[in-house]
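Step one of this worksheet: look at the structure below.
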């Protein structure tokens with residue numbers, strides 16, 4: 001009985017009002033997309049599959065930004081700071097301790113925890129100091145740029161943590177890939193089919209977990225704070241705590257992206273925390289539609305794919321296109337292109353089933 | 001016994017003395033209206049009660065306890081609730097969600113649905129429950145916010161011009177709502193300009209002028225006070 005209650009309340013949260021995609025049509029398409037994503041490696045070359053994990057790696061950071069910015073109403077320009085902190089932490093820890101006994105998984109958890117801790121300290125001063133709006137954006141951007149500058153000057157031999165050289169602007173490389181201990185011998189997650197399935201599973205788990213979160217009581221309050229912070233506080237909520245928790249969760253997801261990226265390419269550089277890198281998550285999330293997890297996810301994958309295609313096919317203007325895309329989104333569909341299309345489709349569907357709710 | 005009391009409360013904004021040594025006592029169980037010309041310091045006094053401003057000097061007591069430095073959300077948790085002048089609702093959320101957010105902090109999950117339905121009926125918003133709050137009429141928005149304030153089951157309800165922009169019918173209905181709440185034991189302090197509304201609900205009236213308490217009494221005493229007429233009612237009736 002208790003278990004049945006738990007199940008029904010979980011379903012209610014997954015399908016709650018704070019997420020755009022709801023009901024049977026949405027979950028049918030969700031299942032379909034998931035099946036296609038699972039089937040994809042059977043029809044593609046392992047090398048390509050491994051390369052395309054790259055796209056998934058960034059989505060965690062985008063979902064985190066959607067939580068902080070889209071749901072919480074706080075523009076953080078510093079997702080890349082936590083990406084970098086976690087990426088470098090993973091590099092240092094895994095280089096020093098190696099990949100035996102599942103130690104890379106410990107390194108993953110420790111690195112994400114480091115990013116979360118860093119964001120908790122920074123966020124404490126931001127939110128309890130009542131810094132908001134554009135100032136919060138400026139402070140978080142400054143933090144990531146400072147980290148980039150700092151890492152860029154670590155080329156000398158004195159910048160060594162244990163056996164791990166930081167290598168300044170050349171970037172840090174050679175750290176082991178994530179490795180899962182297994183009975184018949186460790187499974188090393190090289191950019192190949194195994195890594196694809198692991199990352200996909202992680203992505204689905206994070207996406208569903210965030211859906212639960214934003215439709216929970218916590219998510220209700222977070223959205224209320226975005227809509228009207230004064231009213232939310234005057235309902236008895238300590239809004240600083242809610243904003244801080246959302247910031248830490250979102251930043252930890254950026255950290256997860258950092259670890260996955262570093263482990264995927266066995267490489268991280270200070271440029272991953274630079275100005276260009278810091279601006280890109282804003283573009284992905286804004287273009288898709290920041291105030292919804294699903295539109296953020298779809299938008300991020302589309303924009304990343306487009307960006308990749310432009311870069312590969314010789315255009316030096318890929319970044320300019322990104323900028324133009326952001327401006328157009330703000331002018332034409334401020335809530336996001338995918339979001340607007342989704343809302344349109346949803347509206348048409350709702351009209352058909354009006355009165356059922 | 002006074003539920004809310006101030007002792008020599010002062011607030012300066014730079015060289016401007018907006019609250020000047022106010023000693024104010026709100027009796028438990030009354031409906032009290034705060035009136036005064038524009039710029040009399042009504043809103044500032046309200047913000048001092050809520051903790052949105054901190055006083056330059058003086059003290060505020062709620063149920064005998066000093067809350068002068070308490071944060072706004074701490075005051076709300078002690079049983080004070082507020083309805084703002086401009087409806088402070090969550091426009092992008094449905095009416096139902098607005099009430100849920102107001103309620104969920106204080107109620108068990110299994111009580112929520114029933115409580116929301118009860119409030120919707122009290123607010124005459126049952127038919128509009130799935131609408132976005134931003135699409136309601138102005139009067140309905142005001143009611144929704146009153147509902148959110150009431151959802152906290154406050155002991156003290158602060159209303160900042162609750163009938164601003166309402167039609168006479170809506171104003172009268174709001175007055176009945178306030179009286180019903182008062183009968184259930186809620187003390188009410190309202191800033192109000194509409195004298196018909198004040199006459200409908202107020203047990204006592206305080207007139208503020210230049211940040212000081214100018215006069216206090218029943219509505220009839222206030223209306224017949226020539227000094228008050230000179231600064232406020234005279235102008236309003238002219």
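The values are calculated or read from the model by the stated rules, or taken from the named source; none is laboratory data. Keep in mind that what you see is a predicted model, and the values were worked out from it rather than measured. Methodologically, a virtual Cβ is constructed for each residue, glycine included, from the backbone with ideal geometry; neighbour enumeration extends over all protein chains shown.
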Inset, instruction - Could you tell me which residue of the range B:63-82 is surrounded by the most Cβ atoms within 10 Å (Cβ to Cβ), considering only residues that are within 10 Å of another protein chain (Cβ to nearest Cβ) and touching a helix residue (DSSP H, G or I) at 6+ places or on another chain (Cβ under 7 Å)? - result: B:82
Inset, instruction - Those residues that are under 27 Å from residue B:74 (Cβ atoms), within 10 Å of chain A (Cβ to nearest Cβ) and in contact with a strand residue (DSSP E or B) (Cβ under 6 Å, 6 or more places away or on another chain), I need them from the range B:103-153; list them, please. - result: B:145, B:149, B:152
Inset, instruction - Take the range B:178-213 and flag every residue that is in a strand (DSSP E or B), surrounded by 21 or more Cβ atoms within 10 Å (Cβ to Cβ) and out of contact with any strand residue (DSSP E or B) (no Cβ under 6 Å at 6 or more places or on another chain). - result: B:208
Inset, instruction - Working only within the range B:141-176, note down all residues that are part of a helix (DSSP H, G or I) and surrounded by fewer than 19 Cβ atoms within 10 Å (Cβ to Cβ). - result: B:168, B:169, B:170, B:172, B:173, B:176
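Just checking, which of B:220, B:127 is more than 21 Å from residue B:45 (Cα to Cα), surrounded by fewer than 19 Cβ atoms within 10 Å (Cβ to Cβ), free of Cβ contacts under 8 Å to residues at least 12 places away in the same chain and outside the structural domain of residue B:89 (by TED's automatic domain parsing)?
Numbers: B:127 fails: outside the structural domain of residue B:89 (by TED's automatic domain parsing).
Only one candidate passes the filter, namely B:220.
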Legend entry - Single residue of the range A:143-158 satisfying the filter (in contact (Cβ under 8 Å) with a residue 40 or more places away in the chain and under 22 Å from the mean Cα position of the chain (by Cα)) that is farthest from residue A:225 (Cα to Cα): A:148
Legend entry - Failed item, numbered, when residue B:48 is tested on (1) in a loop (DSSP other than H, G, I, E, B); (2) within 14 Å of the chain's Cα centre (by Cα): (1)
Legend entry - Entirely in the range A:1-115, the helices (runs of 4 or more DSSP H) that have 2 or more residues that are within 14 Å of chain B (Cβ to nearest Cβ), within 23 Å of residue A:224 (Cα to Cα) and in contact (Cβ under 8 Å) with a residue 12 or more places away in the chain: A:2-14
Legend entry - Of all residues in the range B:83-101 being part of a loop (DSSP other than H, G, I, E, B) and surrounded by 24 or more Cβ atoms within 10 Å (Cβ to Cβ), the one that is nearest to the other protein chains (Cβ to nearest Cβ): B:90
Inset, instruction - Quick one: in the range B:9-26, of everything that is out of contact with any helix residue (DSSP H, G or I) (no Cβ under 9 Å at 6 or more places or on another chain) and assigned to a loop (DSSP other than H, G, I, E, B), which residue is nearest to residue B:45 (Cα to Cα)? - result: B:23
Inset, instruction - Look at the range A:328-357 and say how many of its residues are surrounded by fewer than 11 Cβ atoms within 10 Å (Cβ to Cβ) and either at pLDDT 85 or above or part of a helix (DSSP H, G or I) (or both). - result: 7
Legend entry - residue B:50 in contact (Cβ under 8 Å) with a residue 60 or more places away in the chain and facing chain A (nearest Cβ under 9 Å): yes
Inset, instruction - Give, as residue ranges, the helices (runs of 4 or more DSSP H) completely inside the range A:212-279 that count at least 2 residues that are within 11 Å of chain B (Cβ to nearest Cβ) and within 29 Å of residue A:199 (Cα to Cα). - result: A:217-227
